[in-house]
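A.B. asks: Would you mind keeping the following structure in view while I ask a few things?
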Amino acid sequence: MFVMKIARLLQLAVFLAFISAMSLMTHADSESVVADRLEFTLPLGIPQDVWAYYIPKENPLTRSKVELGRELFFDKRLSADSSISCASCHDPQLAFTDGKQFSEGVGGRFGTRNAPSILNAMFNSGQFWDGRAATLEEQAKLPFINPDEMGNTSLDEVVARVRNIETYPDKFRRVFGGDVTIDKVAMAIAAYERTLVSADSPFDRFQAGDRAAMTDAAKRGLLIFRTKGRCNICHNINASFPFLTDQNYRNTAVAANHKSFDALTERATKLVQQNNSRSSLLALSGERGGAELGRFVVTGNTLDIGAFRTPSLRNVELTAPYFHDGSAKTLAEVVRYYVKGGNDHPLRDWELGALLMSDEEQHDLVEFLKSLTSDEAKAMAAKSMKKE
Ligand code: HEC
Ligand code: HEC
């Protein structure tokens, strides 16, 4: 009996020793993870599970990876003449846009589209106005070799630049456990971009129950937005996807602003009828006005001619000018565009049409749009105003 008790006690002691050894091991393990864990609080209005859903398993977020991505994002030395970084066109003080109609890259070259905000870009169905890049990782490589943006002649050239900056190779080894590659550059930048989430605006506080968070004019504007303005058909208000976009590609006929659009539409339609190859469609997009073909270049479907992804409306107060071609200088101008029903065009989305809306109602609608500005983005913008 006694012997058996001793044996049991011994067993227990061995078991306990084993457990504490295990916990020591996991403790040591988790300590290095803890050291690299991202301290990050989501802004009011973005549910944790929604954010987590959009972080790919292949590219988990760690503090050091995000830090490396941030460094790359702001580094002008990665462009052909060391004059342009991602942040030149996605400036934190302008809610990660550039404030220009068309972006200016190396050597004063201009692109053909307005720079979108990177805030909340991680939630996009596809990247770019036409969704031609599937992921942030895929997108991040392209500005480096766009001749109108950072102007490198190849991705190898980009890798060589990163390798030649003394502090980078070590950081890449620490974060990824290997040498610099273009995929790792893209992964680090994408990880950083997944921390650029924005909400916590008067609208979010209002939705959370603080009735005083929005002005009366903004509240009236919200009602117009969801009723007679018909805005929420595409910029839908949805608590589980709170970005005021349906993430679909829509033709609002803004593309018809360009004088070559009709001729290009005709040629694109012919090419499709003649069963032409993808490459001939892509060649069209490189022609003057070709950027106006929009989503068509990705799908080859003529119904997508002139279609662009419905943008998020968060922080629009800070991201003028508007539309993919930067053609509207103010939010009042955007609203006027919708009130007239958009440009006349056979491919225009059938949800759009002339609206009956008084000047005061239009003003209220703009006030609502301004209630979508996050406090943080506004504070950064205010800092830049002080500097000027
Ligand atoms: C010269 C200006 C310029 C530079 C430099 C630049 N971008 Fe952009 N960015 C743009 C423009 C313009 C677009 C939209 C282009 C389009 O839709 O065809 C865009 C689109 C994007 C998008 C898609 C956003 C959306 O809503 O679809 C992301 C993400 C992005 N850029 C990240 C980056 C990163 C990362 C870098 C640096 C590696 C970078 N950009 C460098 C101008 C620039
Ligand atoms: C049929 C779908 C649809 C409806 C309805 C709609 N929008 Fe849009 N909205 C879009 C699309 C698509 C774009 C991008 C168009 C482009 O640039 O070619 C856009 C762009 C915008 C922009 C510019 C954002 C930016 O970053 O450049 C604002 C602001 C805007 N819409 C507000 C409104 C308001 C206010 C209403 C209601 C009066 C409204 N929208 C109705 C689809 C729609």
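The values are calculated or read from the model by the stated rules, or taken from the named source; none is laboratory data. Computed from a predicted model, the values in this text were never measured in an experiment. Ideal geometry is used to build each Cβ from the backbone, glycine not excepted, and the neighbour counts take in all protein chains shown.
A.B. asks: Could you list, in sequence order, the residues of the stretch 339-365 that are within 9 Å of ligand 2 (Cβ to nearest atom), surrounded by 14 or more Cβ atoms within 10 Å (Cβ to Cβ) and within 28 Å of Phe261 (Cα to Cα)?
C.D. replies: Val339, Gly342, Arg348, Asp349, Leu352, Leu355
A.B. asks: A further question follows. Which residues, taken from the stretch 86-115, are within 13 Å of ligand 2 (Cβ to nearest atom), in contact with a Lys or Arg (Cβ under 9 Å, 6 or more places away or on another chain) and closer than 19 Å to Ala191 by Cα?
C.D. replies: Ala95 - this is the single residue of the stretch 86-115 that is within 13 Å of ligand 2 (Cβ to nearest atom), in contact with a Lys or Arg (Cβ under 9 Å, 6 or more places away or on another chain) and closer than 19 Å to Ala191 by Cα.
A.B. asks: Which of the residues spanning the stretch 287-338 are modelled with pLDDT of 95 or more, surrounded by 19 or more Cβ atoms within 10 Å (Cβ to Cβ) and among the β-branched types (Val, Ile, Thr)?
C.D. replies: Residues satisfying the conditions are Ile305, Thr310, Val316, Thr319, Val334, Val335.
A.B. asks: Against the condition within 16 Å of ligand 1 (Cβ to nearest atom), small (Gly, Ala, Ser) and under 20 Å from the mean Cα position of the chain (by Cα), how does Ser240 come out, does it pass?
C.D. replies: Judged against the criteria, Ser240 is not a match.
A.B. asks: In addition: Out of the stretch 225-252, which residues are near ligand 2 (Cβ under 8 Å from one of its atoms) and of a type in the set (A, V, I, L, M, F, W, C)?
C.D. replies: Scanning the stretch 225-252 gives Phe225, Cys231, Ile233, Cys234.
A.B. asks: Taking the stretch 200-228, which residues are over 21 Å from Ala379 (Cα atoms), in contact with a Leu (Cβ under 7 Å, 6 or more places away or on another chain) and small (Gly, Ala, Ser)?
C.D. replies: Once the filter is applied, which keeps residues that are over 21 Å from Ala379 (Cα atoms), in contact with a Leu (Cβ under 7 Å, 6 or more places away or on another chain) and small (Gly, Ala, Ser), the stretch 200-228 yields Ala208, Gly221.
A.B. asks: Right, here's the next one. Which pairs do you get when a residue that is over 19 Å from Asn232 (Cβ atoms) and outside the structural domain of Leu222 (by TED's automatic domain parsing), found in the stretch 338-364, comes within reach of a residue that is at pLDDT below 95 and within 16 Å of ligand 1 (Cβ to nearest atom), reach meaning Cβ atoms under 8 angstrom, with the pair 6+ apart or on two chains?
C.D. replies: Note: no pairs meet the criteria.
A.B. asks: Within the stretch 230-240, identify whether any single residue is small (Gly, Ala, Ser), farther than 17 Å from Arg314 by Cβ and in contact (Cβ under 8 Å) with a residue 12 or more places away in the chain, and answer yes or no.
C.D. replies: Here is the first cut: in the stretch 230-240, the residues small (Gly, Ala, Ser) are 239-240.
Remaining after also requiring farther than 17 Å from Arg314 by Cβ: none.
Checked the stretch 230-240: no residue is small (Gly, Ala, Ser), farther than 17 Å from Arg314 by Cβ and in contact (Cβ under 8 Å) with a residue 12 or more places away in the chain.
A.B. asks: Still on this model: Which of the residues that make up the stretch 303-332 are part of a strand (DSSP E or B) and either in contact (Cβ under 8 Å) with a residue 12 or more places away in the chain or out of contact with any helix residue (DSSP H, G or I) (no Cβ under 8 Å at 6 or more places or on another chain) (or both)?
C.D. replies: Once the filter is applied, which keeps residues that are part of a strand (DSSP E or B) and either in contact (Cβ under 8 Å) with a residue 12 or more places away in the chain or out of contact with any helix residue (DSSP H, G or I) (no Cβ under 8 Å at 6 or more places or on another chain) (or both), the stretch 303-332 yields Ala307, Phe308, Arg309, Tyr322.
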